[in-house]
Amino acid sequence: MQPDPRRWWGLALLSAAQFIVILDTSIVGVALPAIQTQLGFSPENLSWIFNAYVVAFGGLLLLGGKLSDVFGARRMFALGFVILTAASILAGVASSQAVLIAGRAIQGVGAALIAPSALVLLMQLFAHDGRELGKAFGVWGAAAAAGGTAGVFLGGVITEWLSWPWTFLVNVPLGALVLLLTPALLPRVHGGIGRIDWLGAITITGSLSLAVYAIITTEPGNWSSPTTLTLLGVAALLFFGFIVLQAMGRQPLLPLSIFATPNLAAANLLMALLGAAWIPLWFYLNLYLQQVLGLSALYSGLALVPMTITIMVLMVWLSGRLVGRFGIKANLVAGLLAMAVALFLFTRVPADGNFWVDVLPASLLAALGMALAYIPATMAGMSGARPEQTGLASGLISTTYQVGSAIGLAAMVAVAAGSDSDLLAGFQAAFFGAMIVAAIAALAALLLIASPARQAVAAE
């Protein structure tokens, strides 16, 4: 197969798309007080500016991957940006709470189409060379890390120098530029023959959305409330119905046979655990910097820049090479162990901590862990899938990361709230819980990820 001469420009465009999708999850954080003042949000309803995006994004990722396989990845990628850009305008001009929340939910719909189709296009551009594919995954993953930190930093700058609507409207020129360049830089990936299993899509989307909704709206320590138990029960019933439909259907949304693909099931489990360890680390480190060390939101974002730069550099220049030399399994185990050690160091942060001594070394070790683990886990979940199922595999691994992140953060919030001591003790308890998750993930990677020899046997 001849390499696509546009592949590096195409990668730049896909990385920009990944940057925008992750940016939208974090950019509104600093702007929340201004939004609350202008639109009159209550403290409880304010969280829906985040939650509406997360529920739509996490709930629709699997369907987005299947749509990419059936109708073509480039077509779904472009449609996702049309939806995201239009929703950003809606959120930016919102003059009421309902309109703003609706805009955020529709942004999540667009992101759910963009994320899996972007991975399919990346695989298509670099399918000719495994070494180039590893480097491309590194660049793409680094764009996600950059988007997360840029959201925190840009949110503060935009809110201070412009106004909160521009945290949404900044997507408009970016989205227009992506749509303009898509036909010229991205390959046309034809869709497969088949149809969408809409009943399966409704049941799995409803199940994931209800589960995420229940998790992020439950009061800490109140998991036995009738509302929470009812929502989780309905989510479980919908999930069971989805599995039955997939086992019996002729053209299911998620053919259960896909889990026979070497490493796919294990990679999705590891992605869920990785999200459940990483997101609480990021969340509580931000709170520690602001609420214990007394940094402003803007300076807190700047304090996280070294971690982000480390992730970007390692993903771009080192991760692909290490995977090529030592394999997926070794990198996964090493990365998850490094993250567990970093979280252990964070369990010991003092009330009068010093950034250079107590935060920077552990944050750089956590960055090393994320850089070593994220790309191999993604590759493990994607590389064995058949060409007509790459969109589905992409949507599946993105879904498990998002759902794992939501569950992990909700669990660590409950752990922190359950501490009877002061604020810092709660943060330390959350870091300890995330450390346990990272350690379990390292053990799972050691036991479940197949070596190249075992993969060959499975393929036969």
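The values are calculated or read from the model by the stated rules, or taken from the named source; none is laboratory data. Computed from a prediction, not measured in an experiment: that's the story for all the values here. Cβ sites come from the backbone with ideal geometry, for glycine too, and all protein chains shown count toward neighbours.
Here are the numbers for the structure shown:
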quantity: Pairs with Cβ under 7 Å, 6+ apart, first in segment 1-20 and within 12 Å of Leu125 (Cβ to Cβ), second at pLDDT 80 or above and assigned to a loop (DSSP other than H, G, I, E, B); calculated: Asp4/Pro187; Arg7/Phe126; Gly10/Leu186; Leu13/Leu186
quantity: Residue identified as without any contact (Cβ under 8 Å) to a residue 40 or more places away in the chain, in contact with a helix residue (DSSP H, G or I) (Cβ under 7 Å, 6 or more places away or on another chain) and of a type in the set (A, V, I, L, M) among Leu67, Leu23, Leu62, Leu90; calculated: Leu90
quantity: Residues that are surrounded by fewer than 21 Cβ atoms within 10 Å (Cβ to Cβ), touching a residue at least 24 places away in the same chain (Cβ under 8 Å) and part of a helix (DSSP H, G or I), drawn from segment 283-296; calculated: Phe283, Asn286, Leu287, Gln291, Val292
quantity: Count of segment 319-353 residues which are part of a helix (DSSP H, G or I), touching a residue at least 40 places away in the same chain (Cβ under 8 Å) and either surrounded by fewer than 16 Cβ atoms within 10 Å (Cβ to Cβ) or not assigned by TED's automatic domain parsing to the domain that holds Ala425 (or both); calculated: 3
quantity: Qualifying residue in segment 35-51 (condition: in contact (Cβ under 8 Å) with a residue 40 or more places away in the chain, under 30 Å from Pro187 (Cα atoms) and among the aromatic types (Phe, Trp, Tyr)); calculated: no
quantity: Subset of segment 243-269 [under 23 Å from the mean Cα position of the chain (by Cα) and of a type in the set (A, V, I, L, M, F, W, C)]; calculated: Leu253, Leu254, Ile258, Phe259, Leu264, Ala265, Ala266, Ala267, Leu269
quantity: For Val357: the one exception among (1) modelled with pLDDT under 90; (2) more than 15 Å from Phe137 (Cα to Cα); calculated: (1)
quantity: Test: residue in segment 226-246 that is in contact (Cβ under 8 Å) with a residue 12 or more places away in the chain, surrounded by fewer than 17 Cβ atoms within 10 Å (Cβ to Cβ) and part of a loop (DSSP other than H, G, I, E, B); calculated: no
quantity: Criterion violated by Phe41 - all others in (1) assigned to a loop (DSSP other than H, G, I, E, B); (2) at pLDDT 85 or above; (3) closer than 23 Å to Ala406 by Cα satisfied; calculated: (2)
quantity: Any hit, segment 326-337, residues being within 21 Å of Gln428 (Cβ to Cβ) and at pLDDT 85 or above; calculated: yes
quantity: Criterion (more than 16 Å from Ile22 (Cβ to Cβ), surrounded by fewer than 21 Cβ atoms within 10 Å (Cβ to Cβ) and β-branched (Val, Ile, Thr)) met by exactly one of Val82, Val120; calculated: Val82
quantity: Filter result for Ala145 (of a type in the set (A, V, I, L, M) and modelled with pLDDT under 85); calculated: yes
